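Undergrad: Quick one: structure below, then a few questions.
The values are calculated or read from the model by the stated rules, or taken from the named source; none is laboratory data. Just so you know, these numbers come straight off a predicted model, no measurement behind them. Note: ideal-geometry Cβ built from the backbone for every residue, glycine included; neighbour counts use all protein chains shown.
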Amino acid sequence: MSVLVSPVAYNEKIKLRNVIERFLNSRVHNQADYMIVDDGSDDGTTEMIAAYAQRGVKTVRHPHRRGVGAAIRTAIHYAREHHYGILVIMAGNDKDNPEEIPFLLQPVMEEGFDVAQGSRYLNKIGSGGDMPLYRKWATRMHPFAFSLLTGHRLTDTTNGFRALRLKLFDDPRINLDQEWLNTYELEPYVLWKTVTLGYKFKEVFVTKIYPPKQLGGYTKMVPFVSWWSILKPLFYLKLGIKK
């Protein structure tokens, strides 16, 4: 199956350059295509990505910022339209290691899993990087709530580093094209559907690195507002408010 690796980014000129360079120098470089979704950046990110076009880096740009969920949706639609078999989503802010992409691909390509979800908490030591305390709390609380509501134990449901078999989205019960999924809701929505509809799902240990604040900070998530965005799909779907 052909593989597309797709970071999504908004105003990540500094960190995204390192993301691209790390991928181009990785062992996966010759085994997968690479397409960045630029979610309406206005800080020079767009021009920086364009400078890598001759090295095979593709890009799709939103004319204005729509949200990380909308950016991931664009990546999924692009991958399906171009007949890829597997999509790997990773962060555009340099938190994920491209050398670990094969760890996610193996369960999907060789073991028949539909989704391979990266988890920084899968082993006993954990590898959450230099996270502030409130982020550590949030990344532990979400999988607890997810596991409780679905009846399936997961350890890291907020980790955006994952591999998806694209046939998953042939299922009409998985409707990505809903406006309420535009920000942080889409990722837990896809995980919920994967688990509750009986698709094969596996967590895979990956590391996570939080870049120093002087490089632009470690996240664009806003406490409470963004947390509700990742929590509400669990309640909406459990209560049947949304499909």
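Undergrad: Could you list all residues from segment 100-113 that are part of a loop (DSSP other than H, G, I, E, B) and more than 9 Å from Lys202 (Cβ to Cβ)?
TA: Within segment 100-113, just Gly112 meets the criteria.
Undergrad: Please determine whether any residue of segment 69-80 is of a type outside the set (Val, Ile, Thr), touching a strand residue (DSSP E or B) at 6+ places or on another chain (Cβ under 8 Å) and over 24 Å from Thr157 (Cβ atoms).
TA: There is at least one residue in segment 69-80 that is of a type outside the set (Val, Ile, Thr), touching a strand residue (DSSP E or B) at 6+ places or on another chain (Cβ under 8 Å) and over 24 Å from Thr157 (Cβ atoms).
Undergrad: If Ile36 satisfies every condition in (1) assigned to a loop (DSSP other than H, G, I, E, B); (2) free of Cβ contacts under 8 Å to residues at least 60 places away in the same chain; (3) within 26 Å of Pro188 (Cβ to Cβ) but one, which is the exception?
TA: Just one mismatch for Ile36, condition (1).
Undergrad: May I ask you to say which residue of Trp228, Trp180 is surrounded by fewer than 17 Cβ atoms within 10 Å (Cβ to Cβ), modelled with pLDDT of 95 or more and among the aromatic types (Phe, Trp, Tyr)?
TA: Trp180
Undergrad: Which condition number does Gly56 fail, the rest of (1) on the phi < 0 side of the Ramachandran plot; (2) without any contact (Cβ under 8 Å) to a residue 40 or more places away in the chain; (3) surrounded by fewer than 18 Cβ atoms within 10 Å (Cβ to Cβ) being met?
TA: The single condition Gly56 does not satisfy is (1).
Undergrad: Moving to a separate point now. If the requirement is being touching a Gly at 6+ places or on another chain (Cβ under 6 Å), over 18 Å from Phe205 (Cβ atoms) and outside any strand (DSSP E or B), which of these qualifies: His29, His64, His77?
TA: His64
Undergrad: List the pairs whose first member sits in segment 182-193 and is touching a residue at least 24 places away in the same chain (Cβ under 8 Å), whose second member is polar (S, T, N, Q), and whose Cβ atoms are under 6 Å apart, counting only residues at least 6 apart or on separate chains?
TA: Thr183/Ser229; Tyr184/Ser226; Tyr184/Ser229; Glu185/Ser229; Leu191/Thr157
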